[in-house]
Amino acid sequence: LPPPIPRSLAQPVTPDLLVSPSSQDGDLGSECPEDRGNWTGRLDFLLSCIGYCVGLGNVWRFPYRAYTNGGGAFLVPYFIMLAICGIPIFFMELSLGQFSSLGPLAVWKISPLFKGVGMGTILIVSLVAIYYNMIIAYVLFYLFASLTSDLPWQHCGNWWNTELCLDHHVIKGGNTTFPVNITNTVSPSEEYWSRYVLHIQGSSGIGDPGRIRWNLCLCLLLSWTIVYLCILKGVKSSGKVVYFTATFPYLILVMLLIRGVTLEGAWKGIRFYLTPQFDHLLSSKVWIEAALQIFYSLGVGFGGLLTFASYNTFHQNIYRDTFIVTLGNAITSILAGFAIFSVLGYMSQELGVPVNQVAKAGPGLAFVVYPQAMTMLPLSPFWSFLFFFMLLTLGLDSQFAFMETIVTAVTDEFPYYLRPKKASFSAVICIALFLMGLILTTEGGMYWLVLLDDYSAGFGLMVVVITTCLVVTRVYGMKRFCRDIHMMLGFKPGPYFRACWMVLSPATMMALLVYNIVKYQPSEYGSYRFPTWAEVLGILMGVLSCLMIPLGMVVAVLREEGTLWERVQQASRPAMDWGPSLEENRTGVYVASLAGSQSPKPLMVHMRKYGGITSYENTAIEVDREMEEEDEEESMM
């Protein structure tokens, strides 16, 4: 027999089965895996999602899409598409991330056969991150150029200007009886952008990149440095930065809006933006454009939402957060339209041309039209600085999400090796993407940027989202997915979400994909048409992300044993350790399925932790009872 233990040493010991992984350090208040990191405040997640979704597209794509597709009437298909494929897919992605506490690669434990979807996502996000940071570099360039008493794109007569340059001050101050033909002229801001910033005249096309523009290269280096410093400690650091980058753009947007609507001719632009043309609603193009705007604006399929949700506590109310972010994003887009078009209305009046001649989308709006409008205002450097600072903050938090997605995905795959060295690994990724982006800083860099923009996140991204939707609802099972959400949130998704996930969202995405393929148009930049080899390269970018799916299937099947059909069946089932990351949250089928699990019932952990049964334990008991009833029904059949 062992010797008796001295009374002084006989302390009450908590059995191992009552200690949850998160309470090993004595902190019973934590619900997240400590080694992975988590949000440090309730608002971190919400503001990160808002910052991620509200990006450059809200300012430079939505207003233009609205006015070209029926003005105010465009809001009808916009909100319908938001309800059909925006909100449901957004909620699905958040649910997957929060339930599993895994990144976009490891989350495919839900069905290892489809892990290639996660690989495709990472490839897409990496390509987007390369060129998105180049756009931030352009913004930084203009931001520094605005720190002057006289904006450099205000007048002609600089070394980069040509004889076609026509200053708007000349038009306004000239003799009104003398007609000025502006059709064959170029504004100073357009020549500043193309001939000075890009120095595009030094390149004959995409195959002739020319020399590196060192001022752009330094701006790109600065933008990568800013991004790295903000994601250095993962969500703990980026979660604090978004308190500024997600809220400050709204302050500037309101300032630009107030300044815009007080300008002469502003209502001309706003009327142009909002006048409803309901006949447009009969065109399928308008509905497709609305769905595309929702799809890209919310950032579904890029893995950012899933990554952010994976750092939440298990019972965070993502249902409420879904509606706050998606509706907030839509309202921001509409608000940005007023700020943009009020200034365009003033500009059209100043130049004496219709609004549709000055309205542009994309980089043309941000780096040509709006800067030109700024030169017409008193205190033009101040308004220019504000506008570009807003674009900087809008772009940065979207870039944080892209980088966090890549880093989280890979570190979750190799947690023992990479999690302790997350800062170093983040630095390696940033340096690699910076070096890949160097071609964008050349004189022909804009051609490469257009190619990346057109193809990196085109049909490949749609295939990823459609596959995710079908796997979760058909392979994993709608009933099982709804039960997981019930475990997590305390209620099951209603018929609206189930109908969208099963039919409406995938069908809408399929229609988008078919439309994109049928209406395919080769890339172009101004009057430049891309050569065939560049088109093929672009298409390969999109196809490569799709090919990851069958490649992942082959790898998953080869890892299993048995006949081919048995292997496919085994690989499509959830992995043994699929489910909530903490033992105390694992109920029903998830009980004791973690490696090294000792606990027969996580409910005991909960009772010790909270001193009784909470509403979530009631939910867990309900879920267990439902599953037992289903098992009994199946055994009777």
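Some points to look at:
- Here is the result for segment 272-322: no chymotrypsin sites (Phe, Trp or Tyr not before Pro) lie in DSSP coil with at most 11 other C-beta atoms within 10 angstrom of their C-beta.
- The alpha carbons of segment 448-539 stretch over 56, 22, 22 Å along the principal axes, in descending order.
- Full extension of the chain between Gln521 and Ser204 gives 111.9 nm of extra length, using 0.36 nm per residue less the Cα-Cα distance.
- With a simple spin-label model that places each label point 7 Å from the Cα along the Cα-to-Cβ direction, the separation between Val589 and Asn356 comes to 5.6 nm.
- Computed [θ] at 222 nm, deg cm²/dmol, the chain (DSSP H ≥ 4; -39,500 (n - 2.57); rounded to nearest 500): -19000 deg cm²/dmol
- When exposed loop sites are taken as GluC sites (Glu not before Pro) in a DSSP loop with at most 10 other Cβ atoms within 10 Å, the longest stretch of the chain clear of them is 265-560.
- Label-point separation in nm, Leu537 to His169, each point 7 Å along Cα→Cβ: 4.2
- Label-to-label distance, Leu327 versus Thr148, with points set 7 angstrom from Cα along the beta-carbon direction: 4.6 nm.
- Net charge, Ile294 excluded, C-beta distance under 12 Å - Lys, Arg +1, Asp, Glu -1: +1
- Share of carbon and sulfur in the accessible heavy-atom surface of the chain [1.4 Å probe, %]: 65
- Distance from the alpha carbon centroid of segment 501-550 to that of segment 329-358 works out to 30 angstrom.
- Charge context of Gly210, other residues only, Cβ under 15 angstrom, K/R +1, D/E -1: +1
- Around the Cα centre of the chain, unit charges on the Cβ atoms of Lys, Arg, Asp and Glu (plus for the first two, minus for the last two) sum to a dipole of about 760 debye.
- Sorting the segments 431-440, 449-458, 219-228, 121-130 by their mean number of nearby beta carbons within 10 angstrom, highest to lowest, gives 121-130, 449-458, 219-228, 431-440.
- Global size of the chain as Cα Rg and Dmax, reported in angstrom: 27.3, 115
- Dipole axis of the chain (+1 Lys, Arg; -1 Asp, Glu on Cβ), positive-most option in Ser189, Tyr319, Tyr132: Ser189
The values are calculated or read from the model by the stated rules, or taken from the named source; none is laboratory data. Please read these numbers as outputs of a predicted model, since none were measured by experiment. Neighbour counts are summed over all protein chains in view; Cβ atoms, including those assigned to glycine, are modelled from backbone coordinates with ideal geometry. Protein only, heavy atoms only, side chains kept; ligands, DNA and RNA dropped before computing areas. Shrake-Rupley method; radii C 1.70, N 1.55, O 1.52, S 1.80 Å.
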